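To keep things clear, I will list the structure first and then write my remarks on it.
The values are calculated or read from the model by the stated rules, or taken from the named source; none is laboratory data. This one's a predicted model, so the numbers in the text were calculated from it and none came from an experiment. Using ideal geometry, Cβ is built from the backbone for each residue, glycine included, and neighbour counts are taken over all protein chains shown. Areas reflect the complete protein model, heavy atoms only, side chains present, ligands, DNA and RNA absent. Shrake-Rupley method; radii C 1.70, N 1.55, O 1.52, S 1.80 Å.
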Amino acid sequence: MHKAPRMRAFAWAAILSAATVCQADGGSSSPQEFTQIERGRYLSILSDCSGCHTVPGGKPFAGGRAIETPFGNIVSPNITSDLETGIGTWTDDQFDAALRKGIGRTGAHIYPAMPYNAYTQMSRDDVLAIRAYLNSLQPVRQSRNANTLPFPFNIRSAMAVWNALYFKAGDYKPDPAKSAEWNRGKFIVDGPAHCGACHTPKTLLGGDRKDQYLQGANLQGWSAPDITNSRRAGLGNWTVEDVATYLKTGHNRVTAATGPMAEAVDLSTSRMTDEDRAAIATYLKSLPGKDESGSAPVDANVMAAGGSIYRDQCSACHGIEGKGVPHLFPSLADSAMVRSNDPTTVIRMVLRGARSVGTKGEPTAPGMPSYGWQLDDRQVTAVLNYVRNSWGGAAPSIDAGRVTRVRSDTASRSD
């Protein structure tokens with residue numbers, strides 16, 4: 001599971017250009033108003049609103065964060081209730097239309113980097129509760145920089161075609177054949193949490209490939225993993241408890257959250273209720289996924305070289321047998337991410353290192369050092385092929401050219 005500075009949608013591009021929220025009056029609040037505000041606060045956590053609308057170290061929900069997409073950068077808007085630079089003058093109808101239909105205040109289309117194609121599954125009451133919560137916060141006066149979308153992606157009217165291809169408005173409809181917990185999990189995954197924005201592969205136009213639902217995608221220099229129940233590449237070897245623990249603490253017996261997913265855990269999943277995390281886990285574990293056979297054997301010389309590098313550089317933390325230390329150092333032998341068809345993340349982590357997320361449940365946040373300065377591309381290739389094809393694992397071979405491309409790409413990034 002994975003998300004980054006963050007592309008809430010790997011799609012065409014922009015965040016709601018000025019969502020909605022009227023200034024709260026100064027009168028006293030009723031218990032009913034407090035209940036709505038608290039509900040909206042929790043829905044904003046499920047929706048991970050602060051992930052896109054708060055610059056690290058900046059004022060909450062004041063916008064200004066650049067969201068990288070394949071079509072250009074989108075700068076998130078201020079969604080506090082400031083009357084001039086925020087969304088304080090929008091009506092309830094305008095706010096609802098923006099979040100659930102992708103229609104901005106002026107009637108122009110919003111780009112699906114603001115994931116209205118997922119938020120549409122929330123009800124109008126859900127959306128207005130979020131508005132009530134935002135309206136309860138201190139307004140922040142902060143303008144934003146313009147988007148940097150080149151022609152023709154800056155033509156908003158083209159979104160009508162995108163919507164016809166990829167968007168269907170409508171609240172979530174429970175499946176009566178499934179349990180309440182399963183339905184709650186599916187609602188969160190497909191609705192407010194918009195997991196498919198990162199984990200479902202996209203078409204050339206940025207729409208979801210529905211036949212590859214949640215089977216992993218590439219974004220912002222990372223590969224978001226398969227989160228179906230695939231045994232080789234997904235969550236097939238995890239229990240429901242493993243998934244729920246990962247969402248709560250960012251760690252479990254197999255792995256630790258880094259990169260985009262570390263931020264998602266920090267700002268969203270670690271703050272959900274235990275019941276909602278269990279519902280998400282129950283739903284994800286019900287997805288069959290796609291299991292493939294491994295791959296052709298890796299050259300014996302490459303495996304031997306990789307094994308030597310692994311023993312010298314990696315085994316102190318991950319162990320000779322690749323089992324790591326539960327809740328501290330990931331088990332490479334059991335990691336589906338390590339064996340993913342898209343090796344971008346594991347290449348990146350070897351080259352640049354990574355730090356896992358620190359949460360209340362797991363505050364240590366251990367990190368992995370960078371080896372990009374020490375190992376050349378052929379050595380990185382060898383050790384990764386060894387790790388991906390040892391201890392009973394099997395994965396497609398990586399060539400040095402792939403490592404070279406990731407090295408070049410990550411060198412130009414500040415994250």
Query - Read-out volume of the Cα convex hull per residue in Å³, derived from the coordinates shown; its label in (i) 141; (ii) 167; (iii) 152 - result: (i)
Requested in this report: Return the calculated 222 nm mean residue ellipticity for the chain, to the nearest 500 deg cm²/dmol, obtained by summing -39500 (n - 2.57) across DSSP H runs with n ≥ 4 and dividing by the residue count.
Outcome: -10500 deg cm²/dmol
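Given the pairs LYS173/LYS202; LYS173/LYS323; LYS248/LYS290; LYS59/LYS168; LYS168/LYS360; LYS186/LYS360, which are separated by over 31 angstrom at their Cα positions?
Values: LYS173/LYS202 24 Å; LYS173/LYS323 42 Å; LYS248/LYS290 26 Å; LYS59/LYS168 34 Å; LYS168/LYS360 38 Å; LYS186/LYS360 26 Å.
In this structure, LYS173/LYS323; LYS59/LYS168; LYS168/LYS360 exceed 31 Å between Cα atoms.
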Query raised in the report: Say a paramagnetic label sat at a point 7 Å from the Cα of LEU165, along Cα to Cβ; which residues of the stretch 111-125 have their backbone N under 19 Å from it?
Result: 111-118
Query raised in the report: Relative contact order, percent, of the chain when contacts are C-alpha pairs under 8 Å separated by at least 6 residues?
Result: 17 percent
Requested in this report: Would you mind telling me which residue in ALA193, ALA262, ALA177 has the biggest mean-square fluctuation in a Gaussian network model of the chain, where springs connect alpha carbons within a distance under 10 angstrom?
Outcome: ALA177
Query - Rounded percent of accessible protein surface that carbon and sulfur make up, the stretch 73-225, 1.4 Å probe - result: 54 percent
Report summary line: Of all trypsin sites (Lys or Arg not before Pro) in the stretch 306-415, the ones in DSSP coil with at most 11 other Cβ atoms within 10 Å are LYS360
Query raised in the report: Taking Cα centroids, how far is the stretch 97-124 from the stretch 305-351 in Å?
Result: 41 Å
Query - Relative contact order computed over the stretch 34-142 (Cα-Cα under 8 Å; 6+ residues apart), in percent - result: 32 percent
Report task. Could you pull the Rg and Dmax for the stretch 180-285, using just the Cα atoms, both in Å? Result -> 13.0, 38
Requested in this report: Under a 10 Å cutoff between Cα atoms, tell me which one of ALA354, ALA98, ALA316 has the largest fluctuation in the Gaussian network model of the chain.
Outcome: ALA316
Report task. Leaving out ligands and nucleic acids, note down the accessible area per residue over the chain with a 1.4 angstrom probe, in whole Å². Result -> 43 Å²
